[in-house]
Every structure is written in structure tokens, then in C-alpha cells.
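Some notes on the structure that comes next.
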Amino acid sequence: MDATTKKATLLLKSLIFHYHGLDEEEKAMLEETALKFQAKEEMEWANRFISEDYLSAFERSREFLSKIFVKMSEQDRLKHLMEVWEETHKKGYVTEMETTAILTLSKDWQVEKQFLEVVKD
């Protein structure tokens, strides 16, 4: 995985986890992902990107992420969304805001129908 894809992957997870404030469990999951991909710098970049302006973080992230993920195969786009969806469930709850954000991204990346088919099961 190249550095840009690592940034996008960590930005996606960080963005969703920051929706209600990054708690310790989410921070640990994010760090685990960074360790798995050897992407500590990319994780720090993602967190800085979000903290630059929390109010515009989602829109800025959508723009950045779309540029990266739209180049991927449909299967890879869906895989990344499912990973963050499953990570949010590991916490034991998923907020409406997190769900809405993931659905919006699935629509941006043109995999909304496929995403909904997978999560309904």
C-alpha cells in the first residue's frame, strides 16, 4: 500500500471516529491500523488534517478521499467502507452521524447499493 492510500485509509477511519470525539477505544483502533500498515506518520497526518478545522473536516475529507478511492476498484472501495463500518461496531455502538457519514461516502464512491446489500445481512 502506498503512502497516499495509507493516508486515505487512516483519514477515513479517523474521520468517522472523530464524529463524537475520539475516545480511547477508537484511538487504540486507529493506532492498531497504523501499526498494521506501518503508517504512524499517515495517522498523525490524518488527525492533523481533521483538527485543522473540525467544522469543515467532513467536506474537506470527502474531497480528498474521493480523489483516492474513486481510482480503486469497486471491490476495494467497498472493502474500505466495510472495514470502517465493522470497526465502529467493535465499540458496541454506531451513532447516527457515523452511519450517515459512511452512507454519504458510499454514495460519493458509487458503491452505495453494494454497501447497503452487504450491511443489511
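The values are calculated or read from the model by the stated rules, or taken from the named source; none is laboratory data. Computed from a prediction, not measured in an experiment: that's the story for all the values here. Cβ: placed from backbone, ideal geometry, glycine included. Neighbour counts: every protein chain shown. These area figures cover heavy atoms from the full protein model, side chains too; ligands, DNA and RNA do not enter into them. Shrake-Rupley method; radii C 1.70, N 1.55, O 1.52, S 1.80 Å.
Tell me the helices (runs of 4 or more DSSP H) entirely within the range 8-71 that contain at least 2 residues that are under 14 Å from LEU105 (Cα atoms) and aliphatic (A, V, I, L, M). Walk me through it before giving the result.
Details: elements: 24-36, 40-51, 57-69.
The helices (runs of 4 or more DSSP H) meeting that bar are 57-69.
Please work out if MET43 is at pLDDT below 95 and either in contact with a strand residue (DSSP E or B) (Cβ under 9 Å, 6 or more places away or on another chain) or of a type in the set (A, V, I, L, M) (or both).
Working: at pLDDT below 95: no; either in contact with a strand residue (DSSP E or B) (Cβ under 9 Å, 6 or more places away or on another chain) or of a type in the set (A, V, I, L, M) (or both): yes.
Here the answer is no, as MET43 does not meet what is asked.
Kindly check whether there is at least one residue in the range 106-115 that is crowded, with 19+ Cβ neighbours inside 10 Å and of a type in the set (Ser, Thr, Tyr). Even if it seems obvious, please write down each step before you answer.
Keep residues of the range 106-115 that are crowded, with 19+ Cβ neighbours inside 10 Å, which gives 106, 109, 111, 115.
Restricting the remaining residues to those that are of a type in the set (Ser, Thr, Tyr) gives 106.
Taking every residue of the range 106-115 in turn, at least one turns out to be crowded, with 19+ Cβ neighbours inside 10 Å and of a type in the set (Ser, Thr, Tyr).
Only residues that are farther than 15 Å from THR4 by Cα and polar (S, T, N, Q): list them for the range 48-76, please.
Selection gives SER51, SER56, SER73, GLN75.
Working carefully through the options ALA46, ALA39, find the one that is over 19 Å from GLU96 (Cα atoms) and more than 12 Å from the chain's Cα centre (by Cα).
Working: ALA46 fails: more than 12 Å from the chain's Cα centre (by Cα).
On inspection, the qualifying residue turns out to be ALA39.
Which residue, of LYS113, LYS79, LYS107, is at pLDDT 95 or above, out of contact with any Asp or Glu (no Cβ under 6 Å at 6 or more places or on another chain), closer than 19 Å to ASP2 by Cβ and in a helix (DSSP H, G or I)? Give the steps one after another, and end with the answer.
Numbers: LYS113 fails: closer than 19 Å to ASP2 by Cβ; LYS107 fails: closer than 19 Å to ASP2 by Cβ.
Matching residue, one of LYS113, LYS79, LYS107: LYS79.
Being within 14 Å of THR9 (Cα to Cα), of a type outside the set (Lys, Arg) and not in a helix (DSSP H, G or I), is that true of even one residue in the range 85-96?
Within the range 85-96 (the criterion being within 14 Å of THR9 (Cα to Cα), of a type outside the set (Lys, Arg) and not in a helix (DSSP H, G or I)), the answer is no, since none of the residues qualifies.
Anything in the range 71-100 that is among the aliphatic types (A, V, I, L, M), under 15 Å from GLN114 (Cα atoms) and open to solvent by 40 Å² or more (accessible area, probe 1.4 Å)? List them, or say none.
Residues satisfying the conditions do not exist here.
Output the residues belonging to the range 18-58 that are among the aliphatic types (A, V, I, L, M) and without any contact (Cβ under 8 Å) to a residue 60 or more places away in the chain.
Within the range 18-58, the first condition is being among the aliphatic types (A, V, I, L, M), and the residues that meet it are 22, 28-30, 34-35, 39, 43, 46, 50, 55, 57.
Those that are among the aliphatic types (A, V, I, L, M) and without any contact (Cβ under 8 Å) to a residue 60 or more places away in the chain: LEU22, ALA28, LEU30, ALA34, LEU35, ALA39, MET43, ALA46, ILE50, LEU55, ALA57.
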